[in-house]
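Read through the structure below, which is laid out as structure tokens, and then see the notes.
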Amino acid sequence: MLPRGFKADAERRAIALRAEMGLGPTDALPPKDLAAHLNVGFRIADELVPREALESLDRLQPGCFSACTLRGPDNGPVIVVNPLNSQGRQLSDAMHELSHILLRHETRKLERIAGLVFLTCDAAQEEQADALGSTLLLPRPLLVAAHARGMSATAIASAYEVSEQLARWRLNATGVTIQIRRRGTTG
Ligand SMILES: [Zn+2]
């Protein structure tokens, strides 16, 4: 369960962060740009470890590494994204990690996988990071505008480089699909 008011706050943050970055409420928000805005490092994992290491890790435990936040040399956070995943997954994973930082989630646990130290969080924090991350990628005004232009979940997914599953989930979660359908039937 998300805390009361969390979803509305996430929508406000999605708009406020865009405004700080000179973007409109319906503009895409690339995680890489948001990271730069927040002074967070952003790296693709194969810049740090050989790609073969990532591939053998994935063979060992498929899908186990999506993205993580490490401490950089200056102790600042650095987001590391797995390049083996789809573009959509990489975007949502990066936004999930940035959400943990925005929500000031304290790191609970250190895990060491393939010689790298990973910071993991508890279940409530994971749910919050998923909710904020997906809202940052697809805030309600963006979905309303896209839907008004006749864009389907598939079209939204390809235009904003997110997964179709995420586009559908956000369309349903925000009630945008239902609202448009109602508007259609009542003229
Ligand atoms: Zn997380």
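Among the residues of segment 72-87, write down those that are among the small types (Gly, Ala, Ser) and either within 14 Å of the ligand (Cβ to nearest atom) or more than 20 Å from Arg51 (Cβ to Cβ) (or both).
Hits for segment 72-87 are Gly72, Gly76.
Among what's in segment 130-139 and is assigned to a helix (DSSP H, G or I) and crowded, with 22+ Cβ neighbours inside 10 Å, pick the residue that is nearest to the ligand (Cβ to nearest atom).
For segment 130-139, the residue satisfying everything is Gly133.
Where the second residue is of a type in the set (Lys, Arg) and not in a helix (DSSP H, G or I) and the first is within 14 Å of Leu132 (Cβ to Cβ) and lies in segment 7-36, which pairs have Cβ atoms under 9 Å and are six or more apart or on separate chains?
none
Would you list the helices (runs of 4 or more DSSP H) that sit entirely within segment 1-90 and hold 1 or more residues that are at pLDDT below 95?
Here the list reads 51-60.
Enumerate the pairs (first residue in segment 164-180 and within 20 Å of Leu91 (Cβ to Cβ) and hydroxyl-bearing (Ser, Thr, Tyr); second residue anywhere and in a helix (DSSP H, G or I) and at pLDDT 95 or above) with beta-carbon separation below 6 Å, excluding pairs fewer than 6 apart on the same chain, so at least 6 apart or on different chains.
Cβ pairs passing all conditions: Thr174/Arg140; Thr174/Leu143.
Pairs only if they're at least six apart or on different chains, beta carbon under 9 angstrom, first in segment 87-101 and in contact (Cβ under 8 Å) with a residue 60 or more places away in the chain, second charged (D, E, K, R) and assigned to a helix (DSSP H, G or I); list them, first residue then second.
Cβ pairs passing all conditions: Gly88/Glu164; Ser92/Asp130; Ala94/Lys32.
Would you be able to tell me the number of residues in segment 115-127 that are near the ligand (Cβ under 9 Å from one of its atoms) and either at pLDDT below 70 or crowded, with 17+ Cβ neighbours inside 10 Å (or both)? Even if it seems obvious, please write down each step before you answer.
Residues of segment 115-127 that are near the ligand (Cβ under 9 Å from one of its atoms), as a first pass: 119-121, 125-126.
Narrowing further to those that are either at pLDDT below 70 or crowded, with 17+ Cβ neighbours inside 10 Å (or both): 119-121, 125.
Residues flagged as near the ligand (Cβ under 9 Å from one of its atoms) and either at pLDDT below 70 or crowded, with 17+ Cβ neighbours inside 10 Å (or both) within segment 115-127 amount to 4.
Taking the condition of being more than 10 Å from the ligand (Cβ to nearest atom), part of a helix (DSSP H, G or I) and either surrounded by fewer than 23 Cβ atoms within 10 Å (Cβ to Cβ) or at pLDDT below 95 (or both), how many residues in segment 95-106 meet it?
Within segment 95-106, residues that are more than 10 Å from the ligand (Cβ to nearest atom), part of a helix (DSSP H, G or I) and either surrounded by fewer than 23 Cβ atoms within 10 Å (Cβ to Cβ) or at pLDDT below 95 (or both) number 2.
Going by the conditions given, is Val49 farther than 22 Å from Val162 by Cα and touching a residue at least 60 places away in the same chain (Cβ under 8 Å)?
So Val49 passes the test.
Using beta carbons and a limit of 9 Å, which pairs, at least six apart or on different chains, have the first residue in segment 62-77 and surrounded by 11 or more Cβ atoms within 10 Å (Cβ to Cβ) and the second one at pLDDT below 85 and part of a loop (DSSP other than H, G, I, E, B)?
Here the result reads Phe65/Ala114; Thr69/Thr107, each pair linking segment 62-77 to a residue that is at pLDDT below 85 and part of a loop (DSSP other than H, G, I, E, B).
The values are calculated or read from the model by the stated rules, or taken from the named source; none is laboratory data. Being a predicted model, the structure only gives us computed values, none of them experimental. Cβ coordinates were reconstructed from backbone atoms using ideal geometry, including for glycine residues, and neighbour counts include every protein chain displayed.
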